[in-house]
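The values are calculated or read from the model by the stated rules, or taken from the named source; none is laboratory data. Here the structure is a predicted model, which is why all the values come from computation and not from measurement. Neighbour counts run over all protein chains shown; Cβ positions are idealised from the backbone, glycine included.
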Amino acid sequence: MPDTIYMDCAATTPLREEVRKTLADATERLYGNPSSIHTTGQEAKRVLEESRELVAGLIGARPGELIFTGGGTESDNLAVSGAVKANGDRGRHIVTSAIEHHAVLNCCRALEEEGCEATVVGAGIDGIVDPADVERAMRPDTVIVSIMTANNETGTLQPVADIGAITNDRGVLFHTDAVQALGKVPLDVDALNADLVSLSAHKIYGPKGVGGLFVRNGTRLRPLSYGGHHEKSLRPGTENVPGIAAFARAAQLAVSEIGDSRVRIAALRDRLWEGISSSVPSATRNGLADRCLPGILNVSFAAIDGEALLLNLDLLGIAVSTGSACTAGAAGPSHVLEAMGVEPRLAQSSIRFSLGRDNTEADVDRVLDILPDVVKRLGDVSAIKL
């Protein structure tokens, strides 16, 4: 089998070499506890705060507004749950969308079991959440609105700045999950009109198990767990200093390369779609082509089971996804495509290609050499079964 062509970068990315070196060096040198007052601990503390300053600066935040977490899911939960529980004097109502990551949706469901109420707005066939729908869903007792910056399955960029402007006018907290967006499109917390912004390292060639949460000054949050004073007492426990240093390096590199990488990766994605649409006429693209992250292409292949297609491509050395890696193996079609109004059988036939910095034109051409035959073969099998 040839080397794997990896097109699942929205699920996770490999450590890039510069980040691996930072992680290895920090693991060896920075073994001290950053809360310790001796020299070894204070060296770890220095790197921790330098990393905080660096990541915060990349999103237009102050260093004191960035909390390091264990990843995007924890950041989402801390933002949504923490805001609701700390602001009960205002109410217990949440507004979110049906296309959110399950880190947000399942957090809202858990809060509903505790007596909160969540209103979930839909999305159009283009995958866009309408700010007017969000505004209509808001109530006097709404505590927080949570709408992602970019969808992890379709790559569709959401009108978060417009939504944030609405929440600001109403005095409601606004959270956006920017895990997929960091390092792919410019992010500025003020331009987003956001009070809370979730980030993650492993989507930008950093290590797994490290993330961040922007918390605008003055925003009240209740922690998810309790312990010491770490991270303003919002995320107790000794910080993962090597992982945080690697996160900062990954974010620095990704943001510095946004201009060039967006153009190159988007060109590869467009080359892939042009090849698919010309060789597989039954293929349809999900989401907007001109309002999308550069590397994500979500395609439905009529009458083909998406998981069967994924497995057949995997056997031929091509790694893709049927949607969010966090819901892999779940029964039923993508909740994102369903929320967009994609017919269930067509949603079940979808594949997400998510390209990254290591992909080449040769990778795309190899996929285009293989994919049409696999689709035809699976289509023939499906026709026989019918």
Query - Given (1) over 26 Å from S354 (Cα atoms); (2) touching a Lys or Arg at 6+ places or on another chain (Cβ under 9 Å); (3) not β-branched (V, I, T), number of the condition A10 does not satisfy - result: (1)
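Residues are listed down the side, and each one gets a yes or a no for (1) aliphatic (A, V, I, L, M); (2) closer than 22 Å to A86 by Cα:
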| residue | (1), (2) |
| --- | --- |
| V145 | yes, yes |
| P159 | no, no |
| G164 | no, yes |
| A181 | yes, no |
| K184 | no, no |
| I204 | yes, no |
**Report entry** Those residues of segment 125-176 which are under 21 Å from R220 (Cβ atoms) and free of Cβ contacts under 8 Å to residues at least 12 places away in the same chain, in sequence order
**Finding:** D169, G171
Query raised in the report: Listed residues V280, V263; which is out of contact with any helix residue (DSSP H, G or I) (no Cβ under 7 Å at 6 or more places or on another chain) and of a type in the set (A, V, I, L, M)?
Result: V263
Query raised in the report: From S75, S51, which residue is part of a helix (DSSP H, G or I), within 19 Å of V241 (Cβ to Cβ) and in contact with a strand residue (DSSP E or B) (Cβ under 7 Å, 6 or more places away or on another chain)?
Result: S75
Query raised in the report: Taking the condition among the hydroxyl-bearing types (S, T, Y), out of contact with any His (no Cβ under 6 Å at 6 or more places or on another chain) and at pLDDT 95 or above, does S278 pass?
Result: yes
Query raised in the report: Counting only residues that are in contact with a helix residue (DSSP H, G or I) (Cβ under 8 Å, 6 or more places away or on another chain) and assigned to a loop (DSSP other than H, G, I, E, B), which one in segment 78-103 is farthest from D188 (Cα to Cα)?
Result: R92
Query raised in the report: Hey, among the residues in segment 162-215 that are of a type in the set (S, T, Y) and within 13 Å of the chain's Cα centre (by Cα), which one's farthest from V241 (Cα to Cα)?
Result: T176
Requested in this report: Just name the residue that is farthest from I67 (Cα to Cα) out of those in segment 26-51 that are among the acidic types (D, E) and touching a residue at least 12 places away in the same chain (Cβ under 8 Å).
Outcome: E43
Requested in this report: Mind listing whichever residues of segment 66-117 are in contact with a Lys or Arg (Cβ under 6 Å, 6 or more places away or on another chain) and closer than 19 Å to G209 by Cβ?
Outcome: L66, I67, T69
Query raised in the report: For segment 337-346, what are the residues that are outside any loop (DSSP other than H, G, I, E, B) and surrounded by fewer than 24 Cβ atoms within 10 Å (Cβ to Cβ)?
Result: E338, A339, P344, R345, L346
Query raised in the report: How many of the residues making up segment 351-367 are crowded, with 22+ Cβ neighbours inside 10 Å and hydroxyl-bearing (S, T, Y)?
Result: 1
Requested in this report: For segment 35-46, indicate whether the set of residues that are buried (at least 17 other Cβ atoms within 10 Å of the Cβ) and either polar (S, T, N, Q) or under 29 Å from D290 (Cα atoms) (or both) is non-empty.
Outcome: no
Query raised in the report: Yes or no: G127 under 20 Å from the mean Cα position of the chain (by Cα) and within 21 Å of I166 (Cα to Cα)?
Result: yes
Report task. Look through G70, G60 and report the one residue that is on the phi > 0 side of the Ramachandran plot and within 23 Å of the chain's Cα centre (by Cα). Result -> G60
Query - Residue check for R109: more than 24 Å from N286 (Cβ to Cβ) and in a loop (DSSP other than H, G, I, E, B) - result: no
**Report entry** Residue among V185, V197, V179, V255 that is touching a residue at least 40 places away in the same chain (Cβ under 8 Å), closer than 22 Å to T154 by Cα and touching a Phe, Trp or Tyr at 6+ places or on another chain (Cβ under 6 Å)
**Finding:** V197
